[in-house]
Amino acid sequence: MIQVEDLKKYYGSIRGVERVTLHVKQGEIFGFVGPNGSGKTTMIRTLLGLISKDGGSAKLFGKEVQIGDPDLNKDIGYMPSESYFFNEMKVKDIISFFKSMRTVDDSYLSMLIEQLDLDLLKKFGSLSFGNKKKVGLVVALMHQPKLLILDEPTSGLDPLIQSRFLEIITNERKRGTTVLLSSHVLSEIEKVCDRVALIKDGVILFIKTMDEIRQNEHKRLLVTPNHHDLILEGLSFIQDFDQSSQYAYVGDVNLLVQFLAKYKFIDINIRNVGLEEIFSIYYQKEDVK
Amino acid sequence: MSFLSKEYLGLEIKRSFKGNMIWSFSLGLSLLLIVAIYPMVEDMMTALTEMLEYLESQNSPFIAMMEQFGGIPTNAMEYFATEGAMFMQLLGGIYAAIIGFGAINKDEKERTAEVLYVLPISRSKLLTSKILSIAFNLFIFTIIQIGLIEIGFLAVAPDTDHSLILSFGLFDYMMFLMIAYMSLGLAMFMKPNQSSLIAIAIPFPFYIMTVIASATNNDILKALKYASPFTFTEPVGWLKSDHVFELANFLIFTGFTLIILIASYLRYKKRQII
């Protein structure tokens, strides 16, 4: 569905993306993660033919992307990271215009408007950041495209709408829609994505399935007072804080609890390391490299 | 009609409606006021004519200079040509330049281009729709000017040859289109995020060239008239020359505008959002 090979884009002397290779299969939700300025938006805009590339190849539906080529657009729904429409127009007129440019199922559009709680009567310019994003989501989703490219879709949305949005794209995947989801919100990547790519400084650091990432998931153990002599398979010392020692643990939690019962502590804290922390660890690792 | 998107054309017209009405009525009512005060300045014109007759008897060089600028108006139409029509040309030209430049620049500056360029519609259709939207807006703008000027003439000088006013309107409309499309071409060759005020750089030098060309006997400077689209619309010269239309000037700028439009189509196909 999406094939990007050695994509390179510079804005004059400023790096956009240096070397991006990724393949997204039909029907998968592909997460695209990276810090600000890492090249996510540049890659998305290149894929959409909004900007030119300096090297490599970018294909959608097997066809090389060209600037200003409208043929691919009928099967794509795109939401930019910030929602910009016509400030002087009412939301219903904006929706009506984009509907007129696509083939839209009225009942699906009504469902989107209801689920995302869109206020149709306000002028776009008077909407809050979050409500503007909701208009962007409806415009991107309304024609049920084969490919959805969403750049930071949930930033600024309240938790209820975020969860409804995730439900909508999960349902779209069931219908066979492919989704490229660029996001800073790693919890939503964790919830819905099949695979995820990490980009940093214009270079893809890795592409892994969520299962592969979860295999690296571990627990963090914090014991008070300091102990440096805890020796168990899967348990490794990380660092000391003032009165506490921190360990990482990979393995059966029951074994860990049995092992810790042999010692006397003032306090014990065992927690799961989330995706966010795992990515942070990857970042640090790559920095060291 | 496959060469344009009527939905997008409708959107463009809708988006620009309010601004178009404000410009149209602001300038149109000013022109109406200029025509309406003609009875009050008529006596002043007569006094000036008597003064010029005296100066002519004294062989004053001032007479020759006044003639270069069309002399003292002798009727309502000449008065309007001197005081109102030139005003309409210049301010209308500025408005045309702003909307022509804005047709490209606005979507890029307000970042709506990012959602428009991913629609299943070719850039050629988008541009054709923008070009037609400009033509429509300028048509409405010109109709409102002419309508309000007509109201003024019907009130203060009903015997005026009204076909002259319609001719001014027609010439101005063609000139406005040329200025607007030149400005659209200018926007196409500039980076996004530029101010629309840059477009004013187009009508001003043209206008000055026409003024200089019509106010001199120097052959080289007179030739400047061919380098400005204001020449074929210049109202005083047209009236004084027994309505001889500056066809060469008109054809030069029609050709020039067509070249700019063709270049704009080619450029727009590959235009990037940054």
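Observations on the structure shown:
- Tally, over segment B:1-19, of residues that are surrounded by fewer than 20 Cβ atoms within 10 Å (Cβ to Cβ), in a helix (DSSP H, G or I) and among the small types (Gly, Ala, Ser): 2
- A count restricted to segment A:168-197 and to residues that are farther than 25 Å from A:VAL4 by Cβ and either in contact (Cβ under 8 Å) with a residue 40 or more places away in the chain or part of a strand (DSSP E or B) (or both) stands at 2.
- Unmet requirement for B:TYR207, which otherwise passes all of (1) assigned to a helix (DSSP H, G or I); (2) within 14 Å of chain A (Cβ to nearest Cβ): (2)
- Residue check, A:ILE149 more than 23 Å from A:ASP105 (Cβ to Cβ), outside the structural domain of A:ALA261 (by the TED database) and not basic (Lys, Arg): no
- Residue check, B:LEU138 away from chain A (no Cβ under 14 Å), surrounded by 23 or more Cβ atoms within 10 Å (Cβ to Cβ), within 13 Å of the chain's Cα centre (by Cα) and not acidic (Asp, Glu): yes
- Some residue of segment A:162-175 being crowded, with 17+ Cβ neighbours inside 10 Å, within 20 Å of A:PHE61 (Cα to Cα) and of a type in the set (S, T, N, Q): no
- Of the numbered criteria (1) over 26 Å from A:PHE206 (Cβ atoms); (2) more than 8 Å from chain B (Cβ to nearest Cβ), the one A:GLY55 fails is (1).
- Being hydrophobic (A, V, I, L, M, F, W, C), within 14 Å of another protein chain (Cβ to nearest Cβ) and touching a residue at least 24 places away in the same chain (Cβ under 8 Å) is a condition met by no residue of segment B:244-267.
- Test: residue in segment A:210-225 that is free of Cβ contacts under 8 Å to residues at least 40 places away in the same chain, surrounded by 13 or more Cβ atoms within 10 Å (Cβ to Cβ), on the phi < 0 side of the Ramachandran plot and not in a helix (DSSP H, G or I): no
- Selected residue (criterion: surrounded by the fewest Cβ atoms within 10 Å (Cβ to Cβ)) from residues of segment A:101-143 that are within 14 Å of another protein chain (Cβ to nearest Cβ) and not in a helix (DSSP H, G or I): A:THR103
- Here A:SER83 meets each of (1) within 13 Å of chain B (Cβ to nearest Cβ); (2) more than 18 Å from the chain's Cα centre (by Cα) with one exception, condition (2).
- Condition met for B:ALA96 (within 30 Å of B:GLU78 (Cα to Cα) and either within 18 Å of the chain's Cα centre (by Cα) or in a helix (DSSP H, G or I) (or both)): yes
- Top-ranked residue of segment B:20-31 - restricted to ones that are in contact with a Gly (Cβ under 9 Å, 6 or more places away or on another chain) and either within 14 Å of chain A (Cβ to nearest Cβ) or among the aliphatic types (A, V, I, L, M) (or both), ranked as surrounded by the fewest Cβ atoms within 10 Å (Cβ to Cβ): B:LEU27
The values are calculated or read from the model by the stated rules, or taken from the named source; none is laboratory data. Keep in mind it's a predicted model, so treat the numbers as computed, not measured. Note that each Cβ is placed from the backbone with ideal geometry, even for glycine, and that neighbours are counted across all protein chains shown.
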